[in-house]
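As structure tokens, the structure follows; a few thoughts come after it.
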Amino acid sequence: VAQVYRNTGTHGSPTWNAVGAAMDIKCGDQWNTFEASDRNSSVKKFLNALQEWSIEFSVIWDASDTDLTALQTAYRAGTATDLWFADGPSDTVGVSGPNAEWLITEFGTDAPLQDGMKVSVKCVPHALCSFEPEYKTVSA
């Protein structure tokens, strides 16, 4: 089961804390391209330029949840947050997913009459990061 993890340690010695309230996780991964056509072909051709990552998920709001309040604080301050979006438990060999210091670009709320308040979170890699974004895989 996919999971959002927040690092409460350091990048060199991470402590992965599951954001248990996260649901509907969506990881965007695509290449930006540039046109690389030449006169030798009548077909327009492209090459990869930069990879573009984005993460979206929603949570049921709980003001006592320290992970949610940490995400909200990072959003309001515009600071980087070390998150890992993994395809399983953080301590299982082979589990993988994008890990970066993320900029939270959206922290919107939806409060329907009959359900709990839901928060939509969107993230992109932060430009002022202490480590390069990586596709992290747990090894033995």
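Results, tabulated for the structure shown:
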{"item": "Of all accessible heavy-atom area on the chain, the percent that carbon and sulfur account for (1.4 Å)", "result": "49"}
{"item": "Taking the chain and dividing mean pair separation by its residue count, relative contact order in percent (alpha carbons under 8 Å, at least six apart)", "result": "24"}
{"item": "Computed over segment 77-135: relative contact order in percent, which uses C-alpha pairs under 8 Å that are six or more apart", "result": "34"}
{"item": "Whole-angstrom gap from segment 83-109 to segment 1-35, using each part's C-alpha centre", "result": "1"}
{"item": "Positive-end residue of Ala70, Leu50, Ala111, charge dipole of segment 2-118 with Cβ unit charges", "result": "Leu50"}
{"item": "Where chymotrypsin sites (Phe, Trp or Tyr not before Pro) fall in DSSP loop in segment 82-140, at most 13 other Cβ within 10 Å", "result": "Phe131"}
{"item": "Over the chain: Kirkwood hydrodynamic radius from C-alpha pairwise inverse distances, Å", "result": "16.6"}
{"item": "Ratio of Rg to Rh over segment 14-81 (Cα coordinates, Kirkwood Rh, two decimals)", "result": "1.26"}
{"item": "Whole-number percent relative contact order across segment 43-117, with pairs defined as alpha carbons under 8 Å at least 6 apart", "result": "26"}
{"item": "Exposure rank, largest accessible area first [Cys129, Cys123; 1.4 Å]", "result": "Cys129, Cys123"}
{"item": "Residues of the chain: accessible area per residue with a 1.4 Å probe, Å²", "result": "60"}
{"item": "Area accessible to solvent at Ile55, 1.4 Å probe radius, in Å²", "result": "0"}
{"item": "Dipole magnitude of the chain, debye to nearest 20 (Cβ charges: Lys/Arg +1, Asp/Glu -1, about Cα centre)", "result": "360"}
{"item": "Rounded to 10°, Cα long-axis angle of helix 66-77 versus longest principal axis of the chain", "result": "60"}
{"item": "Within segment 1-110, trypsin sites (Lys or Arg not before Pro) in DSSP loop having at most 14 other beta-carbon neighbours inside 10 Å", "result": "Arg39, Lys44, Lys45"}
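The values are calculated or read from the model by the stated rules, or taken from the named source; none is laboratory data. On a predicted model such as this, the values are computed, not experimentally measured, just so you know. Positions of Cβ are generated from backbone atoms using ideal geometry, with glycine treated the same way; all protein chains shown enter the neighbour counts. Accessible surface is based on the protein model in full, side chains and every heavy atom, while ligands, DNA and RNA are left aside. Shrake-Rupley method; radii C 1.70, N 1.55, O 1.52, S 1.80 Å.
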